[in-house]
Amino acid sequence: MNQPSHDAGLFDHCPWLFAGQASEEQRAAQQQRQKRLLAGPGEVRLGDGCFVAGTAAVHPDVLHLGDRSYIAAHAYVTDVIRTGADCTVNPFTVVRGTVTLGDGVRIGAHSSLLGFNHGSAPDLPVHQQPVTSRGITVGDDVWIGSHVVVVDGVTIGDHCVIGAGAVVTKNLPAWSVAAGNPARRLRDRREPRGAQRPGPGAGAVAGTAATPTALAVPASGPEAHAGGLGAGSAGVGVVGGGLGVGSAGAGALGGGLRADLAGAGALAGGLGVGSAGAGALVGELRVDPVGAEALAEELRAFAGAARAQVADLLDRSWRPDTGRYADRPGTEPTVRAHCDAVEIADLLLGDVPAHLPAAEHVERLRALQDPVTGLVPEFGAPAPLPGPAGIPDGGPAYHVLCVGYALDLLGSSFAHPVHAVRTTTADRLVRQLGELPWSDRAWHAGAWVDSWATAAHWNLRAGGEAAAPGALEALFGWLHTHADPWTGMCGSPTREDGRLQMVNGHYRLTRGSFAQFGLQVPYAERVIDTVLDHARDPRHFAPGRENACNVLDVIHPLWLCARQTTHRGEEARSWAARQLTAALRRWHPGQGFGFGPTPDGTGPGREPGLQGTEMWLAIVWLLADVLGLADVLGYRPRGIHRPEPAPAGTA
């Protein structure tokens, strides 16, 4: 530290000294270094007071450094890197792939943040496998020690500390202190060192999150929305698939689901919490080891049975006379049924439905889109007319989601932009948002937002503009300013349905906007309060009354908000455990899941079909993930109900 300031190597290795000790000549050399970066082939933005070492290998496609951030000697920085203010990439550190850092992120020397991965399919050598990137997201005020490795798909929450030498393979909630290989959460940073955790029966540790899976946290809060939405959608998630299935018990199912696993009956709809002293930590929830293992075994058995029976399930809905899919026998083929078949096959088999070659699935779905509007009609229906601000009512609104994601799973995309949304101006969008029926039909309003935002996403993925300049930013601005601070939601309860419309609308709204673009939801704690209160309403959640829509619309907000807060986490996990136990028993061997009852008798109903199966498979994953058990399923949604934000960039 006492070396003379004229030693250029000193600043490359200790760039924090540059601002106070550099000579005029050295400052001029740094300016030239930054000018060369700005003039290079990548998109480079450097804030005030930044430093980039001359010995660093910096070859980005996108590099955005916030104020007073630096890249030190021999660092290797490539691809798409964005940082907030006061971030450090210390000597010999590697930052590659898609990596987003919040404010005040300090990365120790010799660490690697690798926001990309190679495929590992057995049919190709590794060097010929495609490269994928779900991205790494790091929140504000995070200290990553030396020799740490963070792998693709990981989110590290705000205020975390990662011990030297750790290998971070799963998401870490805010305030985590973590270490080890693989990294494990040791404590909450706000807890005094050596503080005792609650004893038997005391429940989860205050300030901890239930699940190792988290949604991306924006680098700098709502202010990052303007002009930065496309960048915020780098995907995150748990690296690697779940554990293999087909263990003893799953093989003995005989085509059915074993319901009497040892200890499962004693769950009484939930995990055994607080049993005598020997509780194992599952997602930081103290649970009875026998109860936890019994539920995990039941999940393995379910997943094995579902995989073994999925071909029969899909055959049941295939209509050879029309060459199309229907939701279930006796119903007419629909666009959604084809998309549900693609989602189910991808989820359970990692393949396409066997009734058509992959190219034929793609060709048929792409051909459905109207080239003028970019919307998708139902089979045999005329091209839909755009509604206010682009999205009409009815099937074409949901087809924006289901057809777009089915094509994405098939490795393709829409043939045309969704022109009806691409031409939406900010003023027209804001007027339409204000005219939606938030007070009495909040589900309808939220579904409209979901479809519009998803169309904007597909337009961005196609490499163009989401909508007219400023429209996407106006959407998030409107949603933030119109969320009720007391409920966290834009809708209102009704006398007839209580909070049903409001909660269900909130799910649709956040799915297409905040979750899909990887942004934090406003008033997360109030959302949890509202959702848990709603989940006690016997009109919708008494035994025998649950349907896929209502359970999904509770668990997804609980799962999403748990990425931001540990508020009422114990209650959320207890509810998830009860619902998971009940959900697994709804499986019909060889036929899948039924959607469930609806008060007005509309919708798919109780008979098993593609829609119910697609939705309940995603619900089971979300419920299991809240309990820290999703990995044992061996599947992870990648379509409409994907847990990570949808990837940015060209499709």
Do we have Ala468 as within 17 Å of Phe514 (Cβ to Cβ) and either touching a residue at least 12 places away in the same chain (Cβ under 8 Å) or crowded, with 18+ Cβ neighbours inside 10 Å (or both) here?
no
Condition set among the β-branched types (Val, Ile, Thr) and assigned to a helix (DSSP H, G or I), scope segment 620-647, selection surrounded by the fewest Cβ atoms within 10 Å (Cβ to Cβ): answer is Val632
Qualifying residue in segment 611-619 (condition: touching a residue at least 24 places away in the same chain (Cβ under 8 Å), within 21 Å of Ala311 (Cα to Cα) and not in a helix (DSSP H, G or I)):
no
Return the only residue of Glu570, Glu525 being closer than 19 Å to Gly488 by Cβ and surrounded by fewer than 24 Cβ atoms within 10 Å (Cβ to Cβ).
Glu525
Is it fair to say Ala572 is among the hydrophobic types (A, V, I, L, M, F, W, C) and in contact with a helix residue (DSSP H, G or I) (Cβ under 8 Å, 6 or more places away or on another chain)?
yes
Just to be sure before I move on: is Asp79 at pLDDT below 95, within 17 Å of Val138 (Cα to Cα) and either of a type in the set (Gly, Ala, Ser) or in contact with a Lys or Arg (Cβ under 8 Å, 6 or more places away or on another chain) (or both) in the structure I sent?
yes
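Inside segment 136-233, counting only strands (runs of 3 or more DSSP E) that do not spill past its ends, which hold 2 or more residues that are within 21 Å of the chain's Cα centre (by Cα) and modelled with pLDDT under 50?
Where strands (runs of 3 or more DSSP E) fall fully within segment 136-233, none carries at least 2 residues being within 21 Å of the chain's Cα centre (by Cα) and modelled with pLDDT under 50.
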Note on segment 519-561: residues among the aliphatic types (A, V, I, L, M) and part of a helix (DSSP H, G or I) are Ala524, Val527, Ile528, Val531, Leu532, Ala548, Val551, Leu552, Val554, Ile555, Leu558, Leu560
Can you tell me which residue in segment 573-598 is farthest from Thr613 (Cα to Cα), limited to those that are surrounded by fewer than 24 Cβ atoms within 10 Å (Cβ to Cβ) and charged (D, E, K, R)?
Arg578
Of these, Gln564, Gln516, which one is part of a loop (DSSP other than H, G, I, E, B), within 16 Å of the chain's Cα centre (by Cα) and of a type outside the set (A, V, I, L, M)?
Gln564
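Would you list the helices (runs of 4 or more DSSP H) that sit entirely within segment 1-106 and hold 3 or more residues that are surrounded by 14 or more Cβ atoms within 10 Å (Cβ to Cβ)?
Per the criteria, 8-13, 24-38.
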The residue that is farthest from Thr454 (Cα to Cα), considering only those in segment 473-527 that are basic (Lys, Arg) and in contact with a His (Cβ under 8 Å, 6 or more places away or on another chain), is Arg499
With criteria (1) within 22 Å of Gly569 (Cβ to Cβ); (2) touching a Gly at 6+ places or on another chain (Cβ under 6 Å); (3) among the small types (Gly, Ala, Ser), Gly505 comes up short on (1)
Inside segment 107-128, can you point out the residues that are over 30 Å from Gly350 (Cα atoms), among the hydrophobic types (A, V, I, L, M, F, W, C) and in a loop (DSSP other than H, G, I, E, B)?
Ala109
Answer yes or no as to whether Val418 is among the aliphatic types (A, V, I, L, M) and within 30 Å of Val352 (Cα to Cα).
yes
With respect to Trp621, determine if the residue is touching a helix residue (DSSP H, G or I) at 6+ places or on another chain (Cβ under 6 Å) and within 22 Å of Arg508 (Cβ to Cβ).
yes
For residues that are in a loop (DSSP other than H, G, I, E, B), in contact (Cβ under 8 Å) with a residue 60 or more places away in the chain and among the acidic types (Asp, Glu), tally how many sit in segment 567-610.
1
Kindly provide the set of residues from segment 396-435 that are crowded, with 18+ Cβ neighbours inside 10 Å and acidic (Asp, Glu), ordered by number.
Asp408
Scan segment 376-430 for residues that are of a type in the set (A, V, I, L, M) and over 25 Å from the mean Cα position of the chain (by Cα) and report the count.
10
Those residues of segment 106-123 that are of a type in the set (A, V, I, L, M, F, W, C) and at pLDDT below 80 come to a total of 1
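The values are calculated or read from the model by the stated rules, or taken from the named source; none is laboratory data. Every value quoted in this text rests on a predicted model; they were computed, and no experiment measured them. Because the Cβ atoms are built from the backbone with ideal geometry, glycine has one as well, and the counts that use them run over all protein chains shown.
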